[in-house]
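Report on one structure; see the data block that follows.
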Amino acid sequence: MQRTPRGDHKPAAKAEQPLETFRVLHVDDEPDLSEMVGIYLERADDRFEIVQANSASNGLDQLSEQTFDCVISDYDMPSCNGIEFLEELREEFPNLPFILFTGKGTEEIASDAISAGVTDYLQKQTGTDQYTVLANTVSNAIEHYRASQAVRQREQRLQTVLDCVTDAIVEVDSDWRFTLVNQQAEELYEMDEEYLLGRDFWEVFSEALDTRFEAKYRQVMETREPTSFVEYFSQLDGWFDIDIYPKNEGGIGFYFAEVTEQRERQQELEQANAVLSTLFETLPVGVLAEDADRNVLAVNNHLLDLFEFSGPPEDVHGTDCVQLTEQVSDTFVESNQFVERTNQLVADREPIDNERLVLHDDRIFERDYRPVELPDGDGHLWVYKDISDQEEQRRRYEAVFNQTYQFTGLLEPDGTVLEANDTVLEFAGHDRNEVVGQKMWKLPLFQYSQETRERAQSAVERAADGDFVHHELHLQGADREAIIDFSVRPVTDEQGSVRFLVPEGHEITDRKEHERSLQRERDRLDEFAGVLSHDLRNPLNVAEGRLELAQEECDSEHLLAIETALDRMDRLTEDQSITSG
């Protein structure tokens, strides 16, 4: 299978937006009309983000600098009309959706547009209803474009695996050190994997320097675009067919086979067929493929198990899929809808993912559909998976998450809210969709003060670095304020990278008020003790003076008792003075 070029624009990725965005370039030499079209399109579908260009040349400049999901163009423009613009665009972006939206509607223009590769052709009308039609046309084109790209990418990855597993496989990291050497590569290299792992590729194969091998390997390492070539390598004394691909985690890998012997080609083909069959049977999902006549082309054991069919897959081959759909429909709660939906997908040939199906026995399936091209016509591929266990786990998680009086949430490492439990939402007076997708510290909940906002943001940033952070924070609820014992805990993966953050808190408003009440009571007691100590000091001084005078004039055992009592009172007042001071 030939690898498809990667030059097409890809859908713009969004990390934080709750809705996907459709970026549309509108090229028209009438700015007022272009602006009005943009306004009506964005009103019709809030996923649209419209960028205007007033000429074809300006449109090409915009395409070279930005990523777009679709182009809308007028036909009658100076210097370069819409068809000429389309022809230039197709040289760089062969699959990007292009809608010709023009006031000049002729059969000749429509024919030229189709020949040039236009996606759709709409003639400008009077009134605003035309913009609803245009919005639907654009959104359908973009969704089909994105779905088609996803299918091509999945097919490409799968085919790469199936086509190349019989080849020698080598992978190196971004520093050109061996990270994987399979058995075929060991045999061709006549070196053990243990010897090669961790070594520098260019040191082991120094004769590859300044050759086509080095040029191609470095090209893929730098551009991250796959390539292939056939070349003679003197160090191994043979010709090799080599496919090079970039690895997602960095570095590159390459499949290669010695093509100096035809016998190896036959062995590769046999091994590839074996791997295909093994892979099909060991997939953890049920798979069914239909041919152009809607007869079963292939089915694996897992699908038969899901629908409780007995017998081997061979017994189902050739079965009419229309009848088979009717047969299994009673398994589902909405049996009629299952049949109608299946027939609709086959007719529309639009890919779908994760379509939820509920069965009478309380199991829950997810279904994927892909149209496929077969040598004898259109085919269909169905994938079914049982997600009952995952659904049960999800329900249990939600029960625990929401049945607690503790404030709990889930964040991205950058602080974007993914989830908030019912306790938080009830206190804040918000719906879940009002907080999900927002930065945590920007929520009204944390607007009690600037200090609260800054401490909340700092806690998120420190937790994203792997720290457990603990604070007391004042929060602003819908109808009252509260003090919470607040923490942010990082959740890491097996490699130690922070994947999520878990903010938690429980309210300590009553406890803090009780502590303040106790402190006020102690302050009052200390004040009373200080006053009491001061008021006793003067009488004690007088009594002590009189005692000394009495002792000079007479000798009595009663005077000794009085002295002892006065000493004790003196010590008590001194102790109280120290305590209250």
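The values are calculated or read from the model by the stated rules, or taken from the named source; none is laboratory data. All values reported here derive from a predicted model rather than from experimental measurement. Note that we place each Cβ from the backbone using ideal geometry, even for glycine, and neighbour counts take in every protein chain shown. The accessibility values were calculated without ligands, DNA or RNA, using every heavy atom of the protein model including side chains. Shrake-Rupley method; radii C 1.70, N 1.55, O 1.52, S 1.80 Å.
What to note about this one:
- Complete set of residues in region 104-123 that are farther than 23 Å from GLN149 by Cβ and open to solvent by 50 Å² or more (accessible area, probe 1.4 Å): LYS104, THR106, GLU107, GLU108, SER111, ASP112, SER115, GLN123
- Residues being in contact (Cβ under 8 Å) with a residue 40 or more places away in the chain, touching a Gly at 6+ places or on another chain (Cβ under 8 Å) and exposed (fewer than 15 other Cβ atoms within 10 Å of the Cβ) - total across region 367-394: 0
- Every condition in (1) surrounded by fewer than 16 Cβ atoms within 10 Å (Cβ to Cβ); (2) touching a Gly at 6+ places or on another chain (Cβ under 7 Å) holds for LEU297 except the one numbered (1).
- Residue within region 306-313 that is of a type outside the set (Gly, Ala, Ser), open to solvent by 50 Å² or more (accessible area, probe 1.4 Å) and touching a Ser or Thr at 6+ places or on another chain (Cβ under 9 Å) present: yes
- Of all residues in region 232-244, one or more are at pLDDT 90 or above, in contact with a helix residue (DSSP H, G or I) (Cβ under 7 Å, 6 or more places away or on another chain) and of a type outside the set (Val, Ile, Thr).
- Selection count, region 465-489, where residues are open to solvent by less than 30 Å² (accessible area, probe 1.4 Å) and farther than 16 Å from THR509 by Cβ: 3
- Filtered residue count, region 182-206, keeping only those that are surrounded by fewer than 12 Cβ atoms within 10 Å (Cβ to Cβ), acidic (Asp, Glu) and assigned to a helix (DSSP H, G or I): 3
- Tally, over region 350-366, of residues that are open to solvent by 50 Å² or more (accessible area, probe 1.4 Å) and modelled with pLDDT of 90 or more: 7
- Screening region 292-318 for residues that are of a type in the set (S, T, N, Q) and under 24 Å from GLU373 (Cβ atoms) and picking the one that is modelled with the highest pLDDT gives ASN295.
- Screening SER73 against (1) modelled with pLDDT under 90; (2) of a type in the set (Ser, Thr, Tyr); (3) touching a helix residue (DSSP H, G or I) at 6+ places or on another chain (Cβ under 6 Å) leaves a single unmet condition, (1).
- Positions within region 319-347 being small (Gly, Ala, Ser) and either modelled with pLDDT under 90 or open to solvent by less than 50 Å² (accessible area, probe 1.4 Å) (or both), in sequence order: SER329, SER335
- Qualifying residue in region 235-243 (condition: more than 21 Å from VAL316 (Cα to Cα), open to solvent by less than 70 Å² (accessible area, probe 1.4 Å) and β-branched (Val, Ile, Thr)): yes
- Looking across region 349-361, the residues that are within 29 Å of the chain's Cα centre (by Cα), on the phi < 0 side of the Ramachandran plot and free of Cβ contacts under 8 Å to residues at least 40 places away in the same chain come down to ILE352, ASP353, GLU355, ARG356, LEU357, VAL358.
- Of the listed requirements (1) modelled with pLDDT of 90 or more; (2) surrounded by 15 or more Cβ atoms within 10 Å (Cβ to Cβ); (3) more than 30 Å from the chain's Cα centre (by Cα); (4) not aliphatic (A, V, I, L, M), HIS26 misses just one: (3).
- Qualifying residue in region 467-482 (condition: under 19 Å from VAL435 (Cα atoms) and within 23 Å of the chain's Cα centre (by Cα)): no
- Scanning region 132-154 for residues that are crowded, with 16+ Cβ neighbours inside 10 Å, out of contact with any Lys or Arg (no Cβ under 8 Å at 6 or more places or on another chain) and not aliphatic (A, V, I, L, M) yields a count of 4.
- Flag if GLY318 is assigned to a loop (DSSP other than H, G, I, E, B) and touching a strand residue (DSSP E or B) at 6+ places or on another chain (Cβ under 7 Å): yes
- In region 398-421 there is no residue matching the filter, namely being modelled with pLDDT of 85 or more, of a type in the set (A, V, I, L, M, F, W, C), in a helix (DSSP H, G or I) and over 29 Å from GLU20 (Cα atoms).
- Filter result (among the basic types (Lys, Arg) and at pLDDT below 90) within region 367-397: ARG394, ARG395, ARG396
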